[in-house]
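Down below is the structure, laid out as structure tokens.
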Amino acid sequence: MITRPSEDAFAQRLDHYRHRVDTKLADVLRIDDAVPERLLEAMRYSVLGGGKRVRPLLVYASGGACGVGEDELDAIAAAVELIHAYSLVHDDLPAMDDDDLRRGRPTTHKQFDEATAILVGDALQALAFEVIATDRHLAENPQSQVKISAWLARASGPAGMVGGQALDMAAEGQRLDERALERIHRGKTGALIRASIMMPSELGALDAAQRSNLDTFARDIGLVFQIRDDLLEVEQDTATLGKNAGSDATNDKSTYPSTLGLEGAKRRAAETHQRAVAALQNLGDRSRDLLWLSEFILNRSH
Ligand code: IPE
Ligand code: IPE
Ligand code: MG
Ligand code: MG
């Protein structure tokens, strides 16, 4: 059995991790004469001052489970958030979901303009890999550094997030069965969440069975995250979400609630969460932050 820290201890640790990644992100997005001013302003707008930072939190929590020091995790945590922020900027574009609200503020193309939003995404993606490639802690172990880059590239690319987004766009206006929907969700959202959890394992000392269990957890919790996202779009209000509730319906997307019904989608999220948590058991007490985060992901309100 994994022992539970108190709510307070957990909340404090999350604040500490959020502060770490926010410091790192502010540093990589600092004023730089080589970067055009307006582009940098739009990049900073898109990344800083908003967002739950779930993927970086998973990086630190997984690092804890794998016995990896926090200094080695900052670059990975920042890089995955840069990729995530890029994916949101592009996801909101008129050619994609055409949304005007994100993280409680106008979307990047509304605040700036469409061309700038496209370029912000491009820039954040490249910057993420620069952060991994130039980190002095990761450079101490070049083999792991390359494997970490490969995880991030695979998860964000055509077999991961971008692939999922392509399927999501192609499916607008169609009624999908659960199998097809699961494929989209595992790609557009699950892949980056899986990578957030698996990248730290490249720096740690898990045995093969533990690694395989961590991967089972990582895959399933990514799916839970997106099922919950679908449910929130139906059940939560725009002010709490900080993005437009009902956007899926407007764009005629298939979602877990539209395919399985509200209760069916909730059941599927709970079952998938249970399966994920069962896989954590052989990692012992070190995985307690992952366990807590998984519950946050299942029950989150925004
Ligand atoms: C929203 O992600 C988009 C999805 C991939 C479902 P988050 O809910 O993590 O968004 P932020 O980062 O907190 O804004
Ligand atoms: C977002 O999925 C997935 C990515 C950005 C890769 P959605 O389009 O379902 O998420 P929201 O509702 O806009 O955050
Ligand atoms: Mg979308
Ligand atoms: Mg969207």
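Mind running the shape call on the range 1-97? Use the C-alpha gyration tensor, a ≥ b ≥ c as the square roots of the eigenvalues: rounded below 1.5 for a/c, prolate if a/b tops b/c, oblate otherwise. Write down the numbers at each step before the final one.
Details: a/c = 2.47, a/b = 1.79, b/c = 1.39.
Taking the square roots of the gyration eigenvalues as a ≥ b ≥ c, the range 1-97 is prolate.
Using the Karplus curve 6.51 cos²θ - 1.76 cosθ + 1.60 with θ = phi - 60°, what ³J(HN,Hα) values do you get for each residue of the range 76-92, in whole Hz, with x for Gly and Pro?
Result, ordered by residue: 5, 4, 5, 4, 5, 6, 5, 5, 4, 4, 4, 5, 5, 4, 6, 4, 7 Hz.
If you plug each phi of the range 41-49 into the Karplus form 6.51 cos²θ - 1.76 cosθ + 1.60 with θ = phi - 60°, what whole-Hz ³J(HN,Hα) values come out, in order, with x for Gly and Pro?
Coupling constants for the range 41-49: 4, 5, 5, 5, 4, 6, 10, 8, x Hz.
With a cap of 11 neighbouring Cβ atoms within 10 Å, and only residues DSSP puts in a loop, list the trypsin sites (Lys or Arg not before Pro) found in the range 161-239.
Working: sites: 175, 179, 183, 186, 188, 194, 211, 219, 228; in loops: 175.
Hits after loop and neighbour filter: 175.
Cα gyration tensor of the chain, axes a ≥ b ≥ c as square roots of the eigenvalues: rounded (a/c below 1.5), prolate (a/b > b/c) or oblate?
Numbers: a/c = 1.58, a/b = 1.05, b/c = 1.50.
The shape class here is oblate.
Using a Cα distance threshold of under 17 Å, what count of lysine pairs results for the chain when pairs must be 8 or more residues apart or interchain?
Working: 24/52; 52/243; 110/243; 188/253; 243/253.
Qualifying lysine pairs in the chain: 5.
Quick check on the chain: helices-only [θ] at 222 nm, where DSSP H runs of length 4 and up contribute -39,500 (n - 2.57) each and the sum goes over total residues. Nearest 500, please.
After summing the helix terms and dividing by the residues of the chain, the value is -21500 deg cm²/dmol.
For the range 108-169, what class follows from the C-alpha gyration tensor (a ≥ b ≥ c being the square roots of its eigenvalues): rounded when a/c is under 1.5, otherwise prolate if a/b is larger than b/c, else oblate? Present the calculation step by step, with values, prior to reporting the outcome.
Values: a/c = 4.89, a/b = 1.57, b/c = 3.12.
Taking the square roots of the gyration eigenvalues as a ≥ b ≥ c, the range 108-169 is oblate.
Among 239, 85, 34, which one shows the highest mean-square fluctuation when the chain is modelled as a Gaussian network with alpha-carbon springs under 10 Å?
34
Quick note: the coordinates plus some simple rules give every number you see, no bench work behind them. Being a predicted model, the structure only gives us computed values, none of them experimental. Here Cβ is always computed from backbone atoms with ideal geometry, including for glycine, and neighbour counts include all displayed protein chains.
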